[in-house]
1. Looking only at the range B:50-64, which residues are under 24 Å from A:Pro257 (Cα atoms), free of Cβ contacts under 8 Å to residues at least 40 places away in the same chain, surrounded by 13 or more Cβ atoms within 10 Å (Cβ to Cβ) and within 10 Å of another protein chain (Cβ to nearest Cβ)?
2. With the requirement that a residue be surrounded by 13 or more Cβ atoms within 10 Å (Cβ to Cβ) and assigned to a loop (DSSP other than H, G, I, E, B), what does the range A:131-142 give you?
3. What pairs can you find where one residue is in the range A:97-111 and within 14 Å of chain B (Cβ to nearest Cβ), the other is basic (Lys, Arg) and crowded, with 16+ Cβ neighbours inside 10 Å, and their Cβ atoms are less than 9 Å apart, with a gap of 6+ or different chains?
4. Which residues, counting only those in the range A:347-358, are under 17 Å from B:Glu109 (Cα atoms) and at the interface with chain B (Cβ under 9 Å from one of its Cβ atoms)?
5. May I ask you to say which residue of A:Trp115, A:Trp98, A:Trp45 is under 24 Å from A:Tyr314 (Cβ atoms), touching a strand residue (DSSP E or B) at 6+ places or on another chain (Cβ under 9 Å), at pLDDT 95 or above and of a type outside the set (Lys, Arg)?
6. Mind checking which residues of the range A:158-197 are within 14 Å of chain B (Cβ to nearest Cβ), surrounded by fewer than 19 Cβ atoms within 10 Å (Cβ to Cβ) and among the charged types (D, E, K, R)?
7. Test A:Ala167 against the stated conditions and say whether it is at pLDDT 95 or above, within 30 Å of A:Gly291 (Cα to Cα), out of contact with any strand residue (DSSP E or B) (no Cβ under 6 Å at 6 or more places or on another chain) and outside the structural domain of A:Gly305 (by TED's automatic domain parsing).
8. For the range B:20-34, name all the residues that are away from chain A (no Cβ under 11 Å) and not aliphatic (A, V, I, L, M).
Amino acid sequence: MDLAEQPVLFMDRHPEMERTPVPTEPYVSADFFEKEREKIFRRTWINVARETDVPEPNDYLVREVQIARTSVLIVRGKDNVVRAFHNMCSHRGNPVAWDERGKCRGAFTCQFHGWVYNTQGELVYVADADRFFGVDPQQNGLTPIHCDVWQGFIFVNFAERPSETLAGYMAPITAGVAGYPFADYSKTYCYKADEAVNWKTLVEAQLEGWHLPTLHAKTLAKSATNIGKRFTHSALDCLGPHGFVSTFPPDVFNPSPVTAISGRYGVGTFDAFAVDREGDKEGSDGFKLNGAFDLYHVFPNLYIGLLNGTYFTYNIWPVAVDRTIWEITGYFPTAQNAGQLFAQQVGSIAFRDTLREDGFTHERICSVMSSGAKKQLHLQDEEMAIRNFMNAVNAYVAARPS
Amino acid sequence: MTQYSGRSFPSRFAALEPYKDFARETELDRAETINARPFSEIVVFYDAMLPLLPEALDYLNTFDVKALPREEANLLRLCLAMVEASMAVELFEDTDPKYLMPIRRFFPEHDRWAGDAAKAGARAAA
């Protein structure tokens, strides 16, 4: 068949999108990485937590955000509002919260010299104030970071003045996600992979399901694709800079013996992928998926994966041009008994090992990307969401400083 | 005062005593233990455990999962080790698959959560 005559499915909806090969330079250039740091990670809304991580007034959480070169202190005030600050004392720079999470007593006392800040970031006590030479507490509170909440996800924006509100930024995704019962699930597992890879390679590896039958032949393929049928996405959308991916569940799902047993006790993950949207919807309250799962990429570095009975997120943290930390967090209903706990472990471990296959691939790609052997890469129609992501990266990097 | 029986598991699961070494407390430990064993050894464990798995889960379901006595806690850990064994036997046919990131570099943060919660509880109570 003449290549020019092959039916093109998804990209026909986007005639403006180019079909040319893409350069390898952005994956290996330290200069480009620094531009991404300034033009993307200090300009967009970045997810750092869930509201359920700081459920009550005085609860706090600290996130090291290396791409922004800062430590972010997230705290719920007594007015129930969640705020974010740079975790840095105005005196001589010591982070005022040393623990990853905790409950403060309405204030943070710097453990260096005892300055005190309340949960609204106000400097309420300057130790040895009379020996300073004019420290105005009002000018020396914790430096705030723009912070807002969407569907229970806490986002921050490091820009001095964000170019759009969080609601506006997320608008292309909100309709698709609204109604998903996030509140039914609580944080159950979290894997943290410190990989030698450029963050974009990692993001892109998840922005298409075409690799499922090949890379994940031994793991997820049987639950999320139809073995023997040519792969095509059930949905592939560009939602502004964000993306959406879904795959057809298998026509026939034969769970392995242990998965079959676990299915009698609770919902895991492979079985959640494999369940048709018309099938048993434990915990999903009638929310309709577009396929085996609904996977949203929120530009730049967040994924939200919705399934029947569980959901997961990826936070993809760039550290250097060739180093990225991948956090994978899974949410299940709180296990009420050993059987449910077992089923959830079947789910999390099967998922874990699938993603370990991805991690292996990421690092192998990175090991040769700087060789100069290839100046360009090729993308097919089913990889449209990757091209959309690259376009968004380039658009932000090329944008004039605001 | 509870007598220490010398058994790892409840008496009706005495047949699983040879596999007590797999009943580790953390996911990392269970995964690395399975990774380090020859495949044939894990097949033996898998084959012994599979027919007892539903009975073990039904039995454990009669307890409060947050307050399991010692033998029952060990039995649950053995069931969780069976999950690791099932990956090796059912999916990879290998206890240390070649093309995966090592588990230690794909770190299960949740192993720390119970310990952190216990410490936070102790601090709050102090």
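The values are calculated or read from the model by the stated rules, or taken from the named source; none is laboratory data. What you see is a predicted model; the values in this text were computed from it and never measured. A quick note on method: Cβ atoms are made from the backbone with ideal geometry, for glycine too, and the neighbour counts reach across all protein chains shown.
1. Within the range B:50-64, B:Leu50, B:Leu53, B:Pro54, B:Leu57, B:Asp58, B:Leu60, B:Asn61 meet the criteria.
2. Across the range A:131-142, the qualifying residues are A:Val135, A:Asn140, A:Gly141, A:Leu142.
3. Partner pairs satisfying both residue conditions: A:Glu100/A:Arg63.
4. Correct list: A:Ser348, A:Ile349, A:Ala350, A:Arg352, A:Asp353, A:Leu355, A:Arg356.
5. A:Trp45
6. Answer for the range A:158-197, where residues must be within 14 Å of chain B (Cβ to nearest Cβ), surrounded by fewer than 19 Cβ atoms within 10 Å (Cβ to Cβ) and among the charged types (D, E, K, R): A:Lys187, A:Lys192, A:Asp194.
7. It is true that A:Ala167 is at pLDDT 95 or above, within 30 Å of A:Gly291 (Cα to Cα), out of contact with any strand residue (DSSP E or B) (no Cβ under 6 Å at 6 or more places or on another chain) and outside the structural domain of A:Gly305 (by TED's automatic domain parsing).
8. Result: B:Lys20, B:Asp21, B:Phe22, B:Arg24, B:Glu25, B:Thr26, B:Asp29, B:Glu32, B:Thr33.
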